[in-house]
Structures are given as structure tokens and as C-alpha cells.
Protein chains: 2
Amino acid sequence: MKTKGETRASDVHTRMRADILSCELKPGDKLRFEALKDRYDVSFSTLREALARLSAESLVVSEGQRGFVVAPVSIADLKDLTNARVLLEREVLRLSMEYGDDKWEADILASYHRMDRLQTRLGAHYYFDEEWARLHGAFHRSLVCACKSPVLLDMRLHLFDRANRYRRMSSQFRTKWRPKDVEHKAIMDATLDREPEALDLIGRHIRETTENVIEFAGHLFVQDEVTASVV
Amino acid sequence: MKTKGETRASDVHTRMRADILSCELKPGDKLRFEALKDRYDVSFSTLREALARLSAESLVVSEGQRGFVVAPVSIADLKDLTNARVLLEREVLRLSMEYGDDKWEADILASYHRMDRLQTRLGAHYYFDEEWARLHGAFHRSLVCACKSPVLLDMRLHLFDRANRYRRMSSQFRTKWRPKDVEHKAIMDATLDREPEALDLIGRHIRETTENVIEFAGHLFVQDEVTASVV
DNA sequence: ATCCAGTAGATTTGCGAAATTTTTCCTGTC
DNA sequence: GACAGGAAAAATTTCGCAAATCTACTGGAT
């Protein structure tokens with residue numbers, strides 16, 4: 001995060017991004033400039049810059065000269081996202097297990113502890129919590145951040161965020177909860193022990209989450225629609 | 001390509017993108033608004049939108065409130081890019097070989113033929129040619145476009161373009177040429193025959209290109225600098 | 001009743017001037 | 001001679017308005 005040179009535009013970009021990922025701006029919503037200008041208290045041009053950035057991140061889609069829309073969600077998109085995530089996440093975890101040093105291991109233990117403590121405190125409702133989502137993201141990042149590949153890490157984070165939008169959409173419909181989270185612990189232990197099994201665990205973890213999302217929130221998504229790729 | 005709803009901003013974005021990828025705007029160049037306004041004949045806001053898009057594509061980097069710079073090049077970045085490309089390219093090729101139908105095969109043959117014909121016509125200088133670069137890109141895309149994963153295809157194209165910038169930078173210093181291009185033919189044949197060997201061939205193809213780029217143009221790149229990732 | 005065309009209203013896009021920030025360069029002091 | 005302080009200059013960022021474009025609605029003809 002930039003602490004000093006934070007421009008108005010990048011600030012709006014960050015806030016809109018958060019609003020889209022947390023589904024405060026719902027998929028498919030039309031983004032009218034007048035309303036957004038009011039909401040974020042900035043001018044047309046500044047908004048336009050933020051929307052252009054989000055558009056390049058495929059969080060909003062621009063429809064020619066007909067304005068911007070929050071990127072739609074679909075089962076096809078979620079499945080596609082999931083497959084891509086498994087591919088990338090396995091690779092960055094493999095590389096991290098190869099290159100990771102003492103500091104890496106310590107960071108993993110620390111971020112797991114933070115996540116686990118909050119989870120215990122919140123009980124079954126952790127899944128709704130903003131702060132838990134942040135710590136969960138930080139834990140997963142700590143697992144793979146030793147892979148020495150900025151390119152892969154950027155792509156991974158990008159996909160993680162996009163997938164997180166689906167997870168949050170499903171959270172309010174969820175009725176099945178694990179009493180205690182054992183998955184993350186197992187992934188961490190296998191990773192720290194450099195067991196190749198960790199790769200399968202992380203892959204299964206991602207796929208299971210996706211299956212749950214589809215089970216509980218699949219009715220919210222468009223079935224056939226495929227998010228257009230700009231080719 | 002949009003033929004109708006082409007806005008001024010997306011047009012400038014496209015042209016600047018091309019200028020960066022073809023190294024007409026050199027890596028590290030400071031992008032001053034006054035000069036760009038003159039060059040592309042547009043206003044501040046329009047430029048700003050295009051730059052924001054390019055920034056999200058990591059083709060330009062924004063330095064807080066100190067303007068924009070064409071993304072720098074480095075050996076570390078090229079190697080990182082190469083590894084990521086091999087991972088993705090193998091996967092989309094594998095999937096395409098699984099899902100590809102008759103039309104896919106026909107498109108591969110057609111785009112190979114177009115590339116091969118131009119190469120024969122141009123002789124050893126094909127490597128400099130803009131049109132050949134386009135046909136080369138189209139051939140590689142045709143190999144993998146049956147993979148049914150918009151997410152992976154977008155990421156692949158993104159990395160391909162970024163790597164292409166390095167290839168073009170090296171072309172003017174190149175002294176070693178293959179008399180006849182046999183690599184692409186071999187990749188195509190193995191792909192159409194659904195031989196798993198195709199995956200290794202494409203991986204080796206990418207790595208060899210990178211090695212040549214480093215051999216002939218390595219002196220142009222910054223050694224240590226690592227392109228900062230926005231995390 | 002349906003379809004097409006033309007017009008009014010709403011929305012987006014583009015522009016250049018003002019405000020803010022960074023950089024440069026000059027001056028005075030240690 | 002080097003270094004900090006400060007003011008002028010240059011560049012970037014932001015803003016509100018005018019022009020272009022799209023959407024919706026009304027009215028008339030088939």
C-alpha cells in the first residue's frame with residue numbers, strides 16, 4: 001500500500017475495488033457516473049481513470065460507448081477461475097517450498113496464528129467477517145510469497161481476489177460449517193515439512209471451496225454466460 | 001477488435017500499447033503529458049485514462065505523483081516471464097489438444113501456412129518484420145485457442161505480449177538465424193497428432209527464444225532490478 | 001395491434017484551465 | 001568547498017463544462 005504518494009484517483013480505484021470484491025457493488029450493476037461521483041465525491045475524469053484501471057483488471061466491463069458495468073458472475077467463469085487458480089497456486093507453492101527460508105516459515109506460522117485466533121473468537125460466523133477474510137488472504141499469501149516470481153504472484157493474487165468475490169456472495173446462504181478448521185492447518189504443516197502432498201492439499205482446498213460456493217449460491221449466477229475476453 | 005464503438009481513449013490505449021511493445025517508446029522512458037499530447041493529439045484526461053489502463057497491464061509504471069514511465073526491462077523479469085509462460089503455455093496447449101475439433105485443426109494449418117509463406121518471402125530478415133510478428137502471434141494463438149479457458153488465454157496473451165517486447169529489442173542485434181524454421185512445424189505436427197511431446201517442444205521453444213534474447217541483447221537490460229509488484 | 005421513424009432526455013466522452021505537487025536552481029551560511 | 005533552506009519553474013493531478021452519443025418515448029403509418 002502506498003502511504004505517501006496516494007493520488008485521489010488511485011484512492012478511488014482502491015475503494016471501488018473493495019466495494020466490488022465485497023459485493024457492495026453487485027455483479028451486473030450499471031455504474032452511472034452521476035451516482036458514483038456522489039458516492040466517492042470526485043469528478044468525472046478521476047472516476048474515469050479508476051474505471052479504466054478496474055476494466056483492465058476485468059472487475060468491470062466497458063460496453064463500447066454505453067458506459068461501465070460491474071463484471072457479471074457465472075458458473076462457467078467460476079469454474080474457469082478455479083482451474084486456473086489450482087494451476088498457479090500449485091506452482092507458486094512448489095517454488096516456495098523449494099526456496100523458502102526461516103523467515104518464510106516464521107511468517108506462515110504467525111499469519112496462521114492470527115487467522116486461527118480470530119476464527120476461534122468469532123465461532124461459526126467467521127465466514128462473514130471482513131477482518132477474517134483479510135487474515136485468510138494474508139495466510140494464503142504467506143504460504144507462497146517465497147516463490148521468487150513477481151509475475152506468478154501478481155496473477156495469483158488477481159485470481160484470488162476474483163474468486164473471493166464468489167466466496168463472499170455465497171457466505172450469506174451457507175448453512176454448512178466446519179466446527180474447526182483443520183484444512184488450513186494440514187496445508188501449513190505439509191508445506192513447512194516440504195511434503196509434496198501439500199500441492200494436492202492446496203488444490204483440493206480450492207476445489208472444495210468452489211463446490212461449496214456453487215452448492216449454496218449457484219442459483220445466483222448466470223448459467224451459460226461466458227465473460228467475454230478481449231481478443 | 002472493436003470496429004464500431006471505438007472511443008478516443010481506447011484508440012490511444014491501443015496505439016500506445018503498440019508503440020511500447022514495438023519499443024518505439026523505450027523501456028524506462030519518462031512519459032511526459034505535454035509530449036504525449038502532441039504525439040497522439042489528445043487531451044490530458046484522455047491520455048490519463050489510456051495510461052491507467054497500461055499501468056494495470058504493467059506496461060507502464062506509475063510512480064505516485066511523479067508521473068508515468070515505460071515499464072523497465074531486466075534479465076530477472078525476462079526469466080520470470082519465461083517460466084510463467086512455459087507453465088501457462090503447456091497447460092493451454094494440453095487442454096487444446098484435449099478439446100480441439102476439426103475447425104481448430106484447420107485454423108492451425110491455415111495460420112501456419114500464412115506465417116510460413118511470409119517467412120519464405122522475407123528470407124532471413126523475417127525477424128524484424130511487423131507483419132511476421134503478427135502472423136507469428138496468430139499462429140501461436142491458434143494452437144491454444146481451443147482450451148476453453150478465457151482466463152488462461154487472457155493471461156497467456158498478456159505474457160506473450162510482454163515477452164514479445166524483449167524479442168523485438170533483441171532482433172536488431174541478432175546475428176544467428178535459422179535458415180529454415182523447423183521448430184514451428186514440429187510443434188504443429190506434434191500438436192495435431194495429439195502427441196504429449198508437443199508440450200515439451202513448446203516449452204523448449206519458449207526457453208530457446210529467451211536464451212537467444214539474452215545472448216544478443218542482454219547488455220541492454222538492467223541486471224539486478226526487479227520490476228516491483230504492487231502488493 | 002405492430003412496426004418504424006423522429007425527437008427529447010439522459011449519459012458518456014473529450015477538452016483546456018486551475019490547483020497541487022515535485023523538481024530545479026539559486027543563495028547564504030558553516 | 002559543501003550543505004541546508006527556500007523560492008521559482010516545470011510537471012502532474014484534478015475539476016467542471018461543452019459536445020457527441022446513446023436510450024426511451026411519442027406519434028403516425030401500414
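The values are calculated or read from the model by the stated rules, or taken from the named source; none is laboratory data. Given the structure is predicted, the values throughout are model-derived calculations rather than measurements. Using ideal geometry, Cβ is built from the backbone for each residue, glycine included, and neighbour counts are taken over all protein chains shown. The area values use the complete protein model at the heavy-atom level, side chains included, leaving out ligands, DNA and RNA. Shrake-Rupley method; radii C 1.70, N 1.55, O 1.52, S 1.80 Å.
From the list B:A9, B:A18, B:A35, pick out the single residue that is within 13 Å of another protein chain (Cβ to nearest Cβ) and either part of a helix (DSSP H, G or I) or more than 13 Å from DNA strand C (Cβ to nearest atom) (or both).
On the way: B:A18 fails: within 13 Å of another protein chain (Cβ to nearest Cβ); B:A35 fails: within 13 Å of another protein chain (Cβ to nearest Cβ).
So the residue among B:A9, B:A18, B:A35 that is within 13 Å of another protein chain (Cβ to nearest Cβ) and either part of a helix (DSSP H, G or I) or more than 13 Å from DNA strand C (Cβ to nearest atom) (or both) is B:A9.
Answer yes or no as to whether B:V70 is more than 9 Å from chain A (Cβ to nearest Cβ), within 14 Å of DNA strand C (Cβ to nearest atom) and either open to solvent by less than 40 Å² (accessible area, probe 1.4 Å) or on the phi > 0 side of the Ramachandran plot (or both).
On the way: more than 9 Å from chain A (Cβ to nearest Cβ): yes; within 14 Å of DNA strand C (Cβ to nearest atom): no; either open to solvent by less than 40 Å² (accessible area, probe 1.4 Å) or on the phi > 0 side of the Ramachandran plot (or both): yes.
Spelling it out, it is not the case that B:V70 is more than 9 Å from chain A (Cβ to nearest Cβ), within 14 Å of DNA strand C (Cβ to nearest atom) and either open to solvent by less than 40 Å² (accessible area, probe 1.4 Å) or on the phi > 0 side of the Ramachandran plot (or both).
Conditions first: (1) within 11 Å of DNA strand D (Cβ to nearest atom); (2) free of Cβ contacts under 8 Å to residues at least 40 places away in the same chain; (3) not in a helix (DSSP H, G or I). B:V42 passes all but one, so which condition is the exception?
Exception for B:V42: condition (1).
Can you confirm whether A:S58 is more than 16 Å from DNA strand D (Cβ to nearest atom) and either within 24 Å of A:G137 (Cβ to Cβ) or assigned to a helix (DSSP H, G or I) (or both)?
Details: more than 16 Å from DNA strand D (Cβ to nearest atom): yes; either within 24 Å of A:G137 (Cβ to Cβ) or assigned to a helix (DSSP H, G or I) (or both): yes.
It is true that A:S58 is more than 16 Å from DNA strand D (Cβ to nearest atom) and either within 24 Å of A:G137 (Cβ to Cβ) or assigned to a helix (DSSP H, G or I) (or both).
Can you go through B:V92, B:V86 and tell me which one is more than 16 Å from DNA strand D (Cβ to nearest atom), open to solvent by less than 10 Å² (accessible area, probe 1.4 Å) and in a helix (DSSP H, G or I)?
The unique qualifying residue is B:V92.
Checking B:V151 against (1) touching a residue at least 24 places away in the same chain (Cβ under 8 Å); (2) within 13 Å of chain A (Cβ to nearest Cβ); (3) buried (at least 18 other Cβ atoms within 10 Å of the Cβ), which test does it fail?
Only one criterion is unmet by B:V151, namely (1).
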